[in-house]
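Values in this text are rule-based calculations from the coordinates and carry no lab data. Just so it is clear, the structure is predicted and the values come from calculations on it, not from any experiment. Virtual Cβ from ideal backbone geometry, glycine too; neighbours counted across all protein chains shown.
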Amino acid sequence: MPPNIPPAPADAASRRAAKPAIVYPAGTMPGPDMAALEAARRAAVKTHELIVPPRDARAFRVARGQFFRIVSIEGPQVGDLNLWNADDLAERFFSGKTRALHGTHVGTGDRLWSNMPYLRPMATISHDTLGWYGFDADGAGIHDVIGTRCDPYTNLLLNGTAYDFCCHSNLSRALATELQMEPHAVEHHVHDVLNVFMCTGFTKDTHQYFMKASPVRPGDFIEFFAEIDLLGALSACPGGDCSATHSSDAAACHPLKIEIFEPDRAALRGWTWPSPSAYHRHHGAHAGS
Ligand SMILES: [Zn+2]
């Protein structure tokens, strides 16, 4: 036992036996109209596609109401996804609250939420060919919002080496190209990602974050419905299928494809487009006034 662990009190067992309560019960939120999304996607027409080269990233734009897919091609590969409001980079994907609202891993019907003070769905997952995976015997699932993204700072901290093609750097370069700026001037916009196709969990004994070989195969895809106009960036992680290593050139890496689809707009006629949170933002400063 490590030092400085205090002895358990006499009532330790009863304290540990307290029943868990779901922090954000699913039924309290109005869910997306999946039947309308299904109708809109069935007649959708592909309008654009781009390739994300291995150990690199690309930015892309998706209009509100369009669908976009991240597609596995050539071989198993993990992708790191960032999303911003196309008109205001201050609004961006909030992996922490998405995790709190939906769970450690996301799938069809779950939404990707933006940060405060906006806190609205930026995208809804409309299809996932890996939805069959669920949680395996190790407790691992697919598409996590647990991890952050591989980055050169942590790599330098742990390994003492500077590696330039981690997802954080790839996303910074892609955003810099999009904004015609230098990576160091935009990297503060890069945020915690959705780990697309990544198979992860926490070890049962020490509760440490682990990864294992992604079950994704060429042809698999995850599809998103854009709830607002989006600027996205996707990195093809240097970890490849993330079975063993990352943050180096050691792993076999493959490209990823992004496909953008124009929907059947008639099917979306009744869609409620999300507004930023209606909270007044006084935070108690004007209480009673
Ligand atoms: Zn990565």
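What the phi angles of the range 5-15 give under the Karplus curve with 6.51, -1.76 and 1.60, with θ = phi - 60°, is a coupling list of 8, x, x, 5, x, 4, 9, 4, 4, 6, 5 Hz, glycine and proline written as x. Taking only DSSP H segments of four or more residues, each worth -39500 (n - 2.57), what value at 222 nm results for the chain once the sum is divided by all its residues, to the nearest 500 deg cm²/dmol? After summing the helix terms and dividing by the residues of the chain, the value is -4500 deg cm²/dmol.
The calculated FRET efficiency for the pair Ser243 and His286, based on their C-beta separation and a Förster distance of 45 Å, comes to about 0.25.
If the segment from Leu179 to Gln208 were pulled out straight at 0.36 nm per residue, it would be longer than the present Cα-Cα gap by 6.8 nm.
Placing unit charges on the Cβ atoms of the charged side chains and taking the dipole of the chain about its Cα centre, the candidate lying farthest along the positive direction among Pro7, Ile258, Phe93 is Pro7. For Arg58, the residues whose amide H sits under 5 Å from its own are Leu234, ignoring neighbours fewer than 5 places away on the same chain, with H placed 1.01 Å from N.
Size descriptors for the range 19-143: radius of gyration and Dmax over Cα atoms are 15.8, 50 Å. Computed over the range 46-265, the percent of Cα pairs more than 33 Å apart is 8. Here Lys46 is the anchor, and the aspartates and glutamates within straight C-alpha reach of less than 15 Å, apart from those fewer than 8 places off in the same chain, are Glu223, Glu259, Glu262, Asp264. Look at the dipole of the chain built from charges on Cβ: of Val45, Ser248, Gly201, the Cα furthest out on the positive end belongs to Gly201.
Here Arg120 and Glu38 are evaluated by their C-beta separation; at R0 = 30 Å the FRET efficiency comes out at 0.85. In percent, how large is the relative contact order of the range 168-228, given Cα pairs closer than 8 Å and 6 or more residues apart? The value is 21 percent.
Sites counted here are trypsin sites (Lys or Arg not before Pro) in a DSSP loop (not H, G, I, E or B) having no more than 14 other Cβ atoms within 10 Å; the longest part of the chain that contains none of them is 1-203. The HN-Hα couplings worked out from phi for the range 72-77 by the Karplus form 6.51 cos²θ - 1.76 cosθ + 1.60 (θ = phi - 60°) are 6, 10, 6, x, x, 8 Hz, whole numbers, x standing for Gly and Pro.
Note on Lys212: lysines with a C-alpha under 16 Å away, same-chain residues under 8 apart excluded, are Lys204.
Look at the dipole of the range 46-265 built from charges on Cβ: of Val190, Val62, Phe225, the Cα furthest out on the positive end belongs to Phe225. Among the chymotrypsin sites (Phe, Trp or Tyr not before Pro) in the range 20-106, none sits in a DSSP loop with a Cβ that has at most 15 other Cβ atoms within 10 Å. Across the range 46-265, C-alpha contacts under 8 Å between residues 6 or more apart give a mean separation that, scaled by the residue count, equals a relative contact order of 42 percent. Summing Cβ point charges (Lys, Arg +1; Asp, Glu -1) relative to the Cα centre of the range 46-265 gives a dipole of roughly 220 debye. If only the Cβ of Lys and Arg carry +1 and only the Cβ of Asp and Glu carry -1, the dipole of the range 61-136 around its Cα centre is close to 260 debye.
Remark: the range 33-41, residue by residue, has Karplus-estimated 3J(HN,Hα) of 7, 5, 5, 5, 5, 4, 5, 5, 7 Hz, where x stands for each Gly or Pro and the curve is 6.51 cos²θ - 1.76 cosθ + 1.60 at θ = phi - 60°.
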